[in-house]
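Novice: The structure's right below; bear with me while I get my questions together.
The values are calculated or read from the model by the stated rules, or taken from the named source; none is laboratory data. A quick note: this is a predicted structure, and the numbers were derived from the prediction, not measured. Backbone-built Cβ (ideal geometry, glycine too); neighbour counts: all protein chains shown. For accessibility, only protein heavy atoms count, side chains too; no ligands or nucleic acids. Shrake-Rupley method; radii C 1.70, N 1.55, O 1.52, S 1.80 Å.
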Amino acid sequence: MEGGGELKRDTSTRFYLESRPLSSRKKTVVTMSKRKVKETHMTVGECISQVQVILRERFCHQRLPEKPVGMESQHKHLLELLRRTAVHGESNSVLIVGPRGSGKTMLLNCVLRELLEVKDVNKNVLPVHLNGLLQTDDRIALKEITRQLNLENVVGDKVFGSFAENLAFLLEALKKGDRSSSRPVLFILDEFDLFAHHKNQTLLYNLLDVSQSAQAPVAVIGLTCRLDVLELLEKRVKSRFSHRQIHLLSSLSFRQYLDNVRSQLSLPQDFPDTKFCEEWNDGIKTLCEDQPVVDVLQRHYNSSKDFRSLHLLLMLALSRVTASKPAIKPTDLLEASRVCMVDSKANILHGLSILELCLIIAMKHLNDIYDGEPFNFQMVHNEFKKFLQRKSHSIHNFDKPVVIKAFEHLQQLELIKSMDGSTAKIQKEYQLMKLMLDHSQIMEALQKYPQCPTDVRQWALSAFG
């Protein structure tokens, strides 16, 4: 060709003229290869599908952390306790106490994972998981123990005189030969307080009795959210318990909670599309700095530090992300929070009749006038009649029996509660009642009430009716 140029074909079958020095040719090749890399980007729809898969798995199938955050001393204590049972054959008993969602099961699972990583322990230790909600009596619990220890064939059709004999036989069957070589068993009792309601507390008595004696290396680990759990135990059961308790009281600060939200919503570095990953993570960082979002998360943090409820909130926000709206916006989180924190009592108010709503407003005024003191039907009816005299043209004048019926319906819905212990001797109209709603719930219900008469709304807004 003219100018001494050569016509070359590259791998993508495009033709280009190469009439430049070698150094510039190298630059051209580098530029072309970069362009090819960019061309492998995923579409927005594919990226969003991948985001949904990754984050949904994170929220629904909670993986154990490497180390439990904020409970290092409890982790160390429990690990040492169970190691003594698994390695040295010591028997122990311990209670893990804390509110729901504080991490009791997570702590125990982290300890068991670390314990079972030891080769000899993994071969020998037998964990038995029981739950007070499932094993509702000792017979069901014993069947479950037998199943988890794989001893159905050994027990067969044998008949035992008592629970203790049956348990002793099961533990005996686990021995390899002499007493010292018996396999350690870890009995994990979830909802421990429910086992205390079993007849004579036979299961707890026998498990704790074995853990105190030298029959076999046994550890009994109870998980409960009741602080008074020891008061539920009979004297003979309590005397056999080691009185070791591990308390989990969430010490998570709001800053840590906020950081956790950010990490839960962020995408991993190995996400297929690097550019989209960076944009998503930058968007999440901005989201967590947005003041209305911080306020919403602060409200959730104040009501519950439970990560399960947090995951529900984040899942609802994630469900609003689509290919046309490929990011979580503050409005998504605000809407998700509204769904999560929906007020069931305020929802009941939306289904009340106008008469019942008027009675609720009358009670609200009585609360304001008498500073929250209890009221009776007669007082409410008088207040309602005063309103009718002023606005009789907009509200129908109901007969007293109809008003009583509406009042009773409010009691059935538990929107009002009787304050009298024994109501047999008091006439219905004069039984003292208390309103179970606050000002904000009533006002919110009025705003959303379909076709609420203007007079009724104004009556509610007026200071004392």
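Novice: Taking the Cα centre of the stretch 161-279 as the origin, how large is its charge dipole in debye, to the nearest 20, when only Lys and Arg (+1) and Asp and Glu (-1) carry charge on their Cβ atoms? Could you put the intermediate results ahead of the total?
Specialist: Working: 14 positive and 15 negative charges, 132 e Å.
Value, rounded to 20: 640 debye.
Novice: To the nearest 20 debye, what charge dipole does the chain have about its Cα centre, counting +1 at the Cβ of each Lys and Arg and -1 at the Cβ of each Asp and Glu? Let's see the in-between values first.
Specialist: Details: 63 positive and 55 negative charges, 199 e Å.
So the dipole magnitude of the chain works out to roughly 960 debye.
Novice: Please compute the net charge surrounding Val128, taking Lys and Arg as +1 and Asp and Glu as -1 over other residues with Cβ under 11 Å from its Cβ. Could the numbers behind the result be given before it?
Specialist: Details: positive: Arg147; negative: Glu144.
Local charge sum for Val128: 0.
Novice: Given just the C-alpha atoms of the chain, how large is their convex hull per residue in cubic angstrom? Walk me through the numbers on the way to the answer.
Specialist: Working: hull volume 139.2 nm³, N = 465.
Measuring per residue, one finds 299 Å³ for the Cα hull of the chain.
Novice: Next question, about the same structure. Counting only protein heavy atoms and using a 1.4 Å probe, what share of the accessible area of the stretch 72-117 belongs to carbon plus sulfur, as a whole percent?
Specialist: Details: 1000 of 1980 Å².
In the stretch 72-117, the share of accessible area belonging to carbon and sulfur is 51 percent.
Novice: Of all alpha-carbon pairs in the stretch 45-139, indicate the percentage at a distance above 17 angstrom. Each step should come with its number before you reach the end.
Specialist: Working: 2839 of 4465 pairs.
Distances greater than 17 Å cover 64 percent of the Cα pairs.
Novice: Something else: Taking a ≥ b ≥ c as the square roots of the eigenvalues of the Cα gyration tensor of the stretch 294-344, is the shape rounded (a/c under 1.5), prolate (a/b larger than b/c) or oblate?
Specialist: On the way: a/c = 1.98, a/b = 1.93, b/c = 1.03.
Verdict is prolate for the stretch 294-344.
Novice: Can you send over the carbon and sulfur percentage of the accessible area for the stretch 331-411, probe radius 1.4 Å, protein chains only?
Specialist: On the way: 2070 of 3950 Å².
Of all accessible area on the stretch 331-411, carbon and sulfur atoms account for 52 percent.
Novice: Percent antiparallel among DSSP beta bridges with both residues in the chain, to the nearest 5?
Specialist: On the way: 9 of 30 bridges.
Taking every DSSP beta bridge within the chain, about 30 percent pair in antiparallel fashion.
Novice: Separate question: Over the chain, with the other protein chains present, what is the accessible area per residue in square angstrom, probe 1.4 angstrom? Mind dumping the intermediate values first?
Specialist: On the way: 26110 Å² over 465 residues.
Heavy-atom SASA per residue in the chain reads 56 Å².
Novice: What net charge is computed for the residues neighbouring Val321, neighbours being all others with C-beta under 12 Å from the C-beta of Val321, Lys and Arg scored +1, Asp and Glu -1? The partial results should precede the final answer.
Specialist: Values: positive: Arg56, Arg320, Lys325, Lys329; negative: Asp332.
Within the 12 Å Cβ shell, the charges total +3.
Novice: Could you give the dipole magnitude of the stretch 366-418 about its Cα centre, charging the beta-carbon of Lys and Arg +1 and that of Asp and Glu -1, in debye to the nearest 20? Write out the running numbers ahead of the final one.
Specialist: On the way: 7 positive and 7 negative charges, 67 e Å.
Dipole magnitude for the stretch 366-418 comes out near 320 debye.
Novice: Also, I was wondering about something else. Using 24 Å as the Cα-Cα cut-off, could you pick out the over-long pairs in Lys76/Lys104; Lys285/Lys448; Lys104/Lys199? Walk me through the numbers before you get to the answer.
Specialist: Numbers: Lys76/Lys104 14 Å; Lys285/Lys448 35 Å; Lys104/Lys199 27 Å.
With Cα atoms farther than 24 Å apart: Lys285/Lys448; Lys104/Lys199.
Novice: Carbon and sulfur: what percent of the stretch 186-227's accessible surface (1.4 Å probe)? Don't skip to the answer; put the middle values down first.
Specialist: On the way: 640 of 1340 Å².
Of all accessible area on the stretch 186-227, carbon and sulfur atoms account for 48 percent.
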